[in-house]
Amino acid sequence: PEVQALYPISRYCLLGLLAGSATAEIAPLPPIFVTASRVAEGPQDILYSNSVVTRAELDEAQAHDVAEILRRLPGIQIGRNGGVGQSTSVFIRGAASDQTLLLIDGVPINSGTVGSPAVQHLMTDQIERIEYLRGPASTLYGSGAIGGVIQIFTRRASPGASAQIIAGAGSQGS
C-alpha cells in the first residue's frame, strides 16, 4: 500500500522536472583549442601562449583578408609587397616567414618552393575561427613551426545554403 501511494507522487515530480528542463536555457560551452597538442583542450590548459579569433571578432574587425587580422595579434609582423592580394609574409616573434606554419582545417598550406605561407588570398568571410600558437611547436609540427602555428578553421555551409554573388563598379568603365 505504501508503494502505491508513492508512485503517483514520483510520476508528477518527474513530469515537473521534464517541464522545467524544457524551458531552461542551454549554457555555452567553454572554448577549446586544438592546435597546441592536436587534441581538444581549454586555452587555460595549454603551456604555450595562444590566441583565438572567433567569428564574432572577425565580423567586428571588418577586415577583408587574413593579413589584416593577423597584424592585430601579439607577436606577429606582416610584410606586404603592395596592396591586398600582393605577396605577403608572416613573421612570428622574429622568426623567418618560412618558420611559420599555416594550417587550414589541419592541412599545411606553406609553399613547397618558397616555404612561407601564402596568406594574401585568404578572405575573412570564409573563416569561422583562427587559432594562433606563439612559440616553438616543432616537436608536433616539424621544423616549419619554429616561430609558431596559425590554424584557420573554415566556415561550413548549412543545409539548404544558397550562393551569393557580389559585384562592384568603378568609374571610367571599370
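The values are calculated or read from the model by the stated rules, or taken from the named source; none is laboratory data. Keep in mind that this is a model prediction, so the values were computed, not measured. Cβ sites come from the backbone with ideal geometry, for glycine too, and all protein chains shown count toward neighbours. Ligands, DNA and RNA are stripped out before the accessible areas are found, and what is left, the full protein with its side chains, is counted by its heavy atoms. Shrake-Rupley method; radii C 1.70, N 1.55, O 1.52, S 1.80 Å.
A few points about this structure:
- Rough spin-label spacing in nm, given labels placed 7 Å along Cα→Cβ, for ARG71 and LEU140: 2.9 nm
- Among the protein heavy atoms of the range 69-109, carbon and sulfur supply 50% of the accessible surface, probe 1.4 Å, non-protein parts ignored.
- With each label modelled as a point 7 angstrom along the Cα→C-beta vector, the ALA169-VAL34 pair spans 4.4 nm.
- Taken along the Cα-to-beta-carbon direction at a fixed 7 Å, the label points for ALA61 and ALA157 span 2.6 nm.
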